[in-house]
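See structure below.
Nothing in this text is a laboratory measurement; each read-out follows from the coordinates by a stated rule. This is a predicted model, so every value here is computed, not measured. Methodologically, a virtual Cβ is constructed for each residue, glycine included, from the backbone with ideal geometry; neighbour enumeration extends over all protein chains shown.
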């Protein structure tokens with residue numbers, strides 16, 4: 001009796017072993033993501049940040065991921081300085097997600113960078129990186145799809161589904177998201193978070209000549 005794949009094709013012994021190892025790897029990844037989901041409900045943000053960093057998420061202490069965040073992979077997520085990620089956000093992470101500085105992402109935003117190719121005869125997955133520029137604001141329950149780049153200072157309205165690149169300073173909304181106008185602000189210099197204790201300590205110690213020598 002031969003073993004076949006989901007398309008009905010017979011598998012060699014090497015292919016069977018590869019699939020077994022892949023399934024085992026996926027089980028480990030699922031467990032890791034489950035642990036991170038639990039971590040997301042620890043009620044102290046700095047503890048969450050420390051654990052997220054150990055898990056491979058690139059996030060400075062000047063930024064915060066609020067409670068309930070969900071990840072599908074953690075090592076491809078890069079978050080800049082002074083960012084706020086709202087409650088119950090979803091980060092795919094199976095390809096690169098790069099978020100700039102001073103970005104405000106509201107609650108229940110979903111950022112995907114992997115999806116099934118509906119035109120592929122085997123319905124295989126395809127992935128593409130997502131890049132979000134500095135000073136971007138993304139409203140609640142917006143969805144960002146694979147391959148999208150959102151330019152500096154752009155605004156994504158609540159509930160929008162972004163399928164294409166968004167130009168810098170542009171306000172978009174709707175399904176699919178379309179341009180609604182331009183942001184009046186032309187120069188950006190604001191912070192989205194108050195300065196936290198970790199950043200205060202870092203700035204304090206970095207002011208000493210000895211620490212500046214080894215920076």
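A few remarks follow.
- Of 46, 83, the sequence from fewest to most neighbouring Cβ atoms within 10 angstrom is 46, 83.
- Likely footprinting exposure, 32, 187, fewest C-beta neighbours within 10 Å first: 187, 32
- The calculated P(r) of region 40-203, using every Cα pair and 5 Å bins from 0, goes 2, 9, 17, 23, 19, 14, 9, 4, 1, 1, 0, 0 in percent.
- Placing a pseudo-label 7 Å from each Cα along the Cα-to-Cβ vector at residue 194 and residue 3 gives an inter-label distance of 5.8 nm.
- The distance from the alpha carbon centre of region 21-79 to that of region 86-132 is 15 Å, rounded to a whole number.
- Residues 101, 117, 92, 124, arranged from fewest to most other Cβ atoms within 10 angstrom of their Cβ, appear as 124, 117, 101, 92.
- Between the beta carbons of residue 47 and residue 75, assuming R0 = 22 Å, the FRET efficiency works out to 0.65 to the nearest 0.05.
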